1. If the Cβ limit is 8 Å and pairs must be 6+ apart or interchain, which residue in the stretch A:38-57 that is among the basic types (K, R) pairs with which residue that is outside any loop (DSSP other than H, G, I, E, B) and surrounded by 13 or more Cβ atoms within 10 Å (Cβ to Cβ)?
2. Could you look through the stretch A:8-58, keep only residues that are within 10 Å of the chain's Cα centre (by Cα) and of a type in the set (S, T, N, Q), and pick out the one that is farthest from B:Y87 (Cα to Cα)?
3. Does the stretch B:10-31 hold any residues that are farther than 16 Å from B:P111 by Cβ, among the acidic types (D, E) and either away from chain A (no Cβ under 14 Å) or in a loop (DSSP other than H, G, I, E, B) (or both), and which are they?
4. Any residue in the stretch B:32-51 that is within 14 Å of another protein chain (Cβ to nearest Cβ), in a loop (DSSP other than H, G, I, E, B), over 20 Å from A:S105 (Cβ atoms) and out of contact with any Phe, Trp or Tyr (no Cβ under 6 Å at 6 or more places or on another chain)?
5. Within the stretch A:65-77, does at least one residue satisfy the condition of being modelled with pLDDT under 95 and either in contact with a Lys or Arg (Cβ under 7 Å, 6 or more places away or on another chain) or part of a loop (DSSP other than H, G, I, E, B) (or both)?
6. Looking only at the stretch B:71-80, decide whether some residue is in a loop (DSSP other than H, G, I, E, B), on the phi > 0 side of the Ramachandran plot, among the basic types (K, R) and surrounded by fewer than 21 Cβ atoms within 10 Å (Cβ to Cβ).
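The values are calculated or read from the model by the stated rules, or taken from the named source; none is laboratory data. As the structure is a computational prediction, the values presented were derived from the model and not from experiment. In this analysis, Cβ positions are derived from the backbone assuming ideal geometry, glycine residues included, and neighbour counts consider all displayed protein chains.
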Amino acid sequence: NAGVTQTPKFQVLKTGQSMTLQCAQDMNHEYMSWYRQDPGMGLRLIHYSVGAGITDQGEVPNGYNVSRSTTEDFPLRLLSAAPSQTSVYFCASRRGSTYGYTFGSGTRLTVV
Amino acid sequence: LAKTTQPISMDSYEGQEVNITCSHNNIATNDYITWYQQFPSQGPRFIIQGYKTKVTNEVASLFIPADRKSSTLSLPRVSLSDTAVYYCLVAEAGGYQKVTFGTGTKLQVIP
């Protein structure tokens, strides 16, 4: 089925480790975003992209890097994991001419 | 970006109509209003969008008054499966936009 695919679904990291959360969409959407959601809170924007080769920071970018080499993929890299990065991460995409985002099913990350 | 304000939570009995109101006093002329639904352990799902007046789809209706400083999501005859968090967002029309979510309204449907 078409949509946004996130991998892995669950991950446990030790403090200081690095990892990449994968996000891929097959809808040819221009816009892609990464959000984090902490318990009882809304979604906070980490980074976003308006097209291949173009990325920018959201509300909470510190500790994360992104790149967008293709339209389909938008990986999120944690440089040196910290317990404060324990959260659920959602990737989303949308077509430029519309307003509705399609979200992935999320990655639940625990940093110990 | 227009800031939005929603009630933190609402309760409703099954079969009732539920109205969730969102305030966005500083909405700009080119901004659109969008609503999302999120179930536990899932990503948000886009429900409906509108610019002014009323919009209806198979899931919900969206009422927007002439001054556009608020909007109301209406869910007809809710069921237990409508228990979720509902987010109101104001999105800039066209081009690039930086969309942020608030804390949403947690709707609990009671049997």
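1. Final answer for the pair search is A:R44/A:Y35; A:R44/A:R36; A:R44/A:Q37.
2. Step by step, filter the stretch A:8-58, then rank; the result is A:T20.
3. Correct list: B:E17 only.
4. Let us first name the residues in the stretch B:32-51 that are within 14 Å of another protein chain (Cβ to nearest Cβ), namely B:32-51.
Cutting the leftovers down to in a loop (DSSP other than H, G, I, E, B) gives us B:39-44, B:51.
So of that shortlist, the ones also over 20 Å from A:S105 (Cβ atoms) come out as B:51.
Restricting the remaining residues to those that are out of contact with any Phe, Trp or Tyr (no Cβ under 6 Å at 6 or more places or on another chain) gives none.
Scanning the stretch B:32-51, I find no residue that is within 14 Å of another protein chain (Cβ to nearest Cβ), in a loop (DSSP other than H, G, I, E, B), over 20 Å from A:S105 (Cβ atoms) and out of contact with any Phe, Trp or Tyr (no Cβ under 6 Å at 6 or more places or on another chain), so the answer is no.
5. Pass one, the stretch A:65-77, residues modelled with pLDDT under 95: none.
Scanning the stretch A:65-77 turns up no residue that is modelled with pLDDT under 95 and either in contact with a Lys or Arg (Cβ under 7 Å, 6 or more places away or on another chain) or part of a loop (DSSP other than H, G, I, E, B) (or both).
6. Checking the stretch B:71-80: at least one residue is in a loop (DSSP other than H, G, I, E, B), on the phi > 0 side of the Ramachandran plot, among the basic types (K, R) and surrounded by fewer than 21 Cβ atoms within 10 Å (Cβ to Cβ).
Here's the yes/no breakdown for (1) hydrophobic (A, V, I, L, M, F, W, C); (2) under 30 Å from A:I54 (Cβ atoms); (3) in contact (Cβ under 8 Å) with a residue 12 or more places away in the chain:
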site	(1), (2), (3)
B:Y13	no, no, yes
B:I33	yes, yes, yes
B:Q42	no, yes, no
B:G50	no, yes, yes
B:I64	yes, no, yes
B:D67	no, no, no
B:L75	yes, no, yes
B:Y87	no, yes, yes
